[in-house]
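Below you'll find the structure, written out as structure tokens, and then a few comments.
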Amino acid sequence: MRNDERGTMNDERGRRTRNFIVHRSSFIVLLAVAVMSCKTVGISMTRSGYAEVSPQIANEMILDSRQVVILDVRSAAGFRAPEGHIAGAVSVPFETIERQLPELLPYQNQTVLVYGENDEEGGLASKLLVLAGFRNVVHVAGGIKGWIEQGYRTVNAQ
């Protein structure tokens, strides 16, 4: 194949083809398409309107985008516990999340990654955020326990 001046390529038979380059910023768009199609391993869409991802996918999302807001919905003591929390996470204990919604509204149109101690806490918080009008809520399956079991690092606020 050879390039011409217009960014197209000609194959051996002379047919024109285009090169497509996926930029890092396009990853989130591709992820959203994958979530909508629900055919990607590690991503599923719940009936409550939020996506659920494996710790592996959550880690990739964090690494690939500075636009992800990470919410730890465990208690404040859990956030500061020896097991730590995901780097960059904001502590929003489930018990107080409804009162903290006004503070979270600036993140309403961003990707919000939610996790708790386990699936139940994070799933309920994700559902609440969707009901409050958050558009792109993503729950980390398995919570902090699943994250740690997969070998991902945490940080400690102490």
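We did not get these values from a lab; they are worked out from the coordinates using the rules stated. Please read these numbers as outputs of a predicted model, since none were measured by experiment. Every residue, glycine among them, receives a Cβ derived from its backbone with ideal geometry; neighbour counts consider all protein chains shown.
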**Request:** State the number of residues belonging to region 49-71 that are over 16 Å from PHE134 (Cα atoms) and not in a helix (DSSP H, G or I).
**Result:** 4
**Asked** Which of the residues spanning region 131-158 are in a helix (DSSP H, G or I) and buried (at least 18 other Cβ atoms within 10 Å of the Cβ)?
**Response** GLY143, ILE144, GLY146, TRP147
**Residues (surrounded by fewer than 17 Cβ atoms within 10 Å (Cβ to Cβ), in contact with a helix residue (DSSP H, G or I) (Cβ under 8 Å, 6 or more places away or on another chain) and closer than 14 Å to SER126 by Cα) located in region 72-112** = GLU98
**Prompt:** If a residue has to be over 17 Å from ILE62 (Cβ atoms) and either touching a strand residue (DSSP E or B) at 6+ places or on another chain (Cβ under 7 Å) or without any contact (Cβ under 8 Å) to a residue 40 or more places away in the chain (or both) to count, how many in region 93-123 make the cut?
**Reply:** 20
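Being assigned to a helix (DSSP H, G or I) and hydrophobic (A, V, I, L, M, F, W, C) narrows it down to one residue among ALA87, ALA77; which is it? Steps first, please.
Working: ALA87 fails: assigned to a helix (DSSP H, G or I).
On inspection, the qualifying residue turns out to be ALA77.
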